[in-house]
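To keep things clear, I will list the structure first and then write my remarks on it.
The values are calculated or read from the model by the stated rules, or taken from the named source; none is laboratory data. Every value quoted in this text rests on a predicted model; they were computed, and no experiment measured them. Reconstructed Cβ throughout: ideal geometry from the backbone, glycine too, with neighbour counts over all protein chains shown. Surface areas here come from the heavy atoms of the whole protein model, side chains and all, with no ligands, DNA or RNA. Shrake-Rupley method; radii C 1.70, N 1.55, O 1.52, S 1.80 Å.
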Amino acid sequence: MSAAPGPPESALRRVRRQRDSGTWNSDLSVGELAAIHSVGFAPAGQVTGSAVYRIAVQGIPSCGTAPRGQPLVTELAAYGRALHDVRRLALDRMAREAIELGCHGVVGVRLTVRRFDHAMNAVEFTAIGTAIRRAGAAALPAPFLSALDGADLAKLLRAGMVPCRLAIGIAAVHVHTTNLWEETSRRADVARTDLSGAAASVRSLAMGRLSEEARGAGADGCVGSRLHLDVWPVPCGIHRDRDHVLQFTAVATAVARFDTPAPPAPEPVVSLDDR
Amino acid sequence: MSGRDSADLAVRALRRLAAPISPRRAPFTCDLSVDELVLVERAGLEPVKLVMGTCVVSVLRRPISRTGELRHATNAIYRARRLAVEDLRREAAGVGAHGVVGVRVEVDEERWGEDLHEFVALGTAVRSRTGSLRTGGAPFTSHLSGQGVHALLAAGYRPLSLVMGAAVWGVSRWDSAAWLSARRRRRVEYPEMTREIATARELAIRRMGVEARAVRAAGVVGMTIEQRSHTWGGDAMEFVALGTAIRSGDVRPSGPRPRAVVSLDAASPRAAEIRVDVEPLRRLDN
């Protein structure tokens, strides 16, 4: 990934112009802005990163050698890795913009996926967030990234935790079901343990990777998990069966503990958000 | 919090990030918001792992010839939910958790293909720091949020398990046509339909009650009734009653006493609402 180019020159020019102008723009709400200020940070501007990839499912195995009666679950490792790497690339480019702005972190990071009608298999991944900084503090090797909003950042810091990175866990598997299962399920109501098992394995692969990424960043935990399981049926070329491709995506904000604060006394509040 | 304290907060947080120490334990994962995380920790629990359970079940289409319970569908759907929750509980027990909070069961009827229903149970496995919730047996399950669990423990109760009751009711095409046509002759209510739906709902609640008694619960909190429509060879309605069975805790209630508050910011529900529609003034000469 290190060989991948950074943000385009036009983006860097925009960021430098923003830095030198002494003003900033962001999509923060007023409540979030107040919350960020209350814990000693100040916003420095909107930052983005994007990458367009050609992504297609590949490596679906032949079911010819599958033992009858046994479901065949194969990981689509290259496909899963591509889905992960492209998100990481978009995030890295966004982080580069934050560094250009002399920032320590990015909050409210959102990852979006967009497909194009005219270009099959071309998918654009975009990361966008608000860069924040603490005046006078030494620069970090890499800014912290958080999918949480400004209000949550303030609450988290007061609870003695700080976001460190966006942890991503993605896995995709192909499951071939032998017709034994299909026939049984045509006769009676059955729990399809073959499909449940495949769902469990793709999930555990993805969650394991999420956890590993968080650990690699020296985090103590992950909050605000966003999980998504995509399932689509694919025809099996040899048998008259329904095969499935399963894709599990998990994104969470990894947090590191820097303090164990004493529980504060409850106090009446006027909420700044409309939840 | 004074300005100086909060300024220190940012500096101390950045210092932690500048010198990353590798934690001894694997990082926890959770399905909690920041608010929930803070409250769960304050209640003496620590999140361990986001746990899930899946059950995909195929429910056959059988023609609905008479109105009444579809026993096969009730059994299949109830069993699938139960299996998904048991799967989740097993994963929680595997990581040494004492309970699972915020358990929810999501249903998908489309993505796997025809006749296949997927039930996914997910929640956050937690460990009790004080040991007050250690039961020695299986971890508890609760559908209450982090806020709910905090309030429950503060009130001196402890969660036991998620309890459920299901009833799938089939309405034959002939019956529904007869009922609906009767409307022209009689009153506005469809009395047969009222009766069938009420019976099905009562049955789901009663079955949930049986589960609660089986775990010797003092009561069930946060009960909800989900209602869903299916078409399995006719019209079918699924009723699922769901709640958390609770019992008085061994520990005395701790933390702040509950107080009644008048909120200044949130809209409070009103029994009656008066809406005034203002029509634009019309000029007389128009």
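Apart from one condition, B:Ala73 fits all of (1) closer than 22 Å to A:Arg257 by Cβ; (2) open to solvent by less than 60 Å² (accessible area, probe 1.4 Å); (3) at the interface with another protein chain (Cβ under 9 Å from one of its Cβ atoms); the exception is (1).
Residue check: is B:Arg79 touching a residue at least 12 places away in the same chain (Cβ under 8 Å) and not in a loop (DSSP other than H, G, I, E, B)? Considered against the rule, which asks whether it is touching a residue at least 12 places away in the same chain (Cβ under 8 Å) and not in a loop (DSSP other than H, G, I, E, B), B:Arg79 comes out as yes. Looking at region B:52-61, is at least one residue of a type in the set (Val, Ile, Thr), part of a loop (DSSP other than H, G, I, E, B) and either open to solvent by less than 30 Å² (accessible area, probe 1.4 Å) or at pLDDT 90 or above (or both)? Within region B:52-61, one or more residues are of a type in the set (Val, Ile, Thr), part of a loop (DSSP other than H, G, I, E, B) and either open to solvent by less than 30 Å² (accessible area, probe 1.4 Å) or at pLDDT 90 or above (or both).
Among the residues of region B:92-115, not a single one is within 9 Å of chain A (Cβ to nearest Cβ), closer than 30 Å to B:Val40 by Cβ, of a type outside the set (Gly, Ala, Ser) and crowded, with 21+ Cβ neighbours inside 10 Å. Criterion first (closer than 27 Å to A:Leu148 by Cβ, at the interface with chain A (Cβ under 9 Å from one of its Cβ atoms) and surrounded by fewer than 23 Cβ atoms within 10 Å (Cβ to Cβ)) does B:Arg42 satisfy it? Yes: the conditions hold for B:Arg42.
When we screen A:Leu140, A:Leu111, A:Leu153, A:Leu148 for residues that are assigned to a loop (DSSP other than H, G, I, E, B) and in contact with a strand residue (DSSP E or B) (Cβ under 6 Å, 6 or more places away or on another chain), the only hit is A:Leu148. Inclusion of A:Ala254 among residues that are in a strand (DSSP E or B) and more than 7 Å from every other protein chain (Cβ to nearest Cβ) is not warranted.
The set of residues in region A:204-229 that are open to solvent by 60 Å² or more (accessible area, probe 1.4 Å), among the charged types (D, E, K, R) and more than 7 Å from every other protein chain (Cβ to nearest Cβ) comprises A:Arg209, A:Glu212, A:Arg226. Would you say A:Asp241 is at pLDDT below 80 and not hydrophobic (A, V, I, L, M, F, W, C)? Answer is yes for this residue.
With respect to (1) closer than 30 Å to B:Val34 by Cα; (2) open to solvent by 30 Å² or more (accessible area, probe 1.4 Å), the lone exception for B:Phe119 is condition (2). Within region B:189-221, the set of residues being in a strand (DSSP E or B) and open to solvent by 40 Å² or more (accessible area, probe 1.4 Å) comprises B:Val220, B:Val221. Of everything in region B:17-35 that is more than 7 Å from chain A (Cβ to nearest Cβ) and closer than 23 Å to B:Gly94 by Cβ, the residue that is least open to solvent (accessible area, probe 1.4 Å) is B:Arg25. Residues considered: A:Ala98, A:Ala138, A:Ala66, A:Ala119. Of these, the only one that is within 14 Å of chain B (Cβ to nearest Cβ) and at pLDDT below 90 is A:Ala138.
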